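A short write-up of the structure that comes next.
The values are calculated or read from the model by the stated rules, or taken from the named source; none is laboratory data. In this text the structure is predicted, and so the values were computed from the model without any measurement. As a convention, Cβ positions derive from the backbone with ideal geometry for all residues, glycine included, and neighbour counts pool all protein chains shown.
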Amino acid sequence: MRFFRLFSLPLFAGLLMSASDSAQPDAEAIAAYARGEAELAGRLWEQAAEKLGEHAPVRVQLNAASAALQRGAVKRAHELTLAARAKATGQEQARVDFLLAQVGYERARFAQRILSGPEAGPADVDRALGFASVAVEFWQRAAVAETSWGPARRNAERALRLLRALEIKQQEILGEVKLLSTPQARLRKPSAPKPGAPSPKPGKGKEQVLKTQPKSVAAVLQRLREREAERRARVEAARKRRGRGVRDW
């Protein structure tokens, strides 16, 4: 979810219909934004910022940074916002803080997604916490500078919730690392039963070995011998018949 917005229209509405529109380096962008073509306006502001470089007005850099964020170019947005920060004054500074917070929030969310992977470690959590802290700090600064600016205040609350969630994740990962670094307990050999200890009851513990009575064993062996003798007799009879030319079908 995106929480930023383009700022030129509320700040410089007087430029939209003025006779000096054509003299403004971002006149086309302002006109496109006034027509409701925000995506086109964003591209035009980015082009103007690229063309003018360090000479670009603060409003051009801020709107270009906002447009870059909307298309996911977080690094470019950060560069443009820092360039604007060096020249921003008054109300513009609150807009700079707002965008710096948004950059931090986007980076914190990206770092948070990395934490869901199997290779995530303490360093990844620290990086995510750092970005989230930046978002909280700069949105709070923007909210203090512009007390009636609801989006800055609400976004600061969202960033604070993200920060708390990351702190919980940090504790989870640190707990896992500590657990993995603890030497495993040595396996102990089963101790011998103490003298006088009761023997296991039937049906519990190890399977009970059933002892066969000697008479039963003898009877089984006798039956096996008889069956083997019968088998040998049949084999011998069949051999003799084949010797006399009689086929055993």
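Overview of values
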{"read-out": "Residue match in region 16-24 (condition: in the same structural domain as Ala143 (by TED's automatic domain parsing), crowded, with 19+ Cβ neighbours inside 10 Å and in contact (Cβ under 8 Å) with a residue 12 or more places away in the chain)", "value": "no"}
{"read-out": "Residue among Ala128, Ala135, Ala152 that alone is in a helix (DSSP H, G or I), farther than 14 Å from Asp97 by Cβ, at pLDDT 85 or above and not charged (D, E, K, R)", "value": "Ala128"}
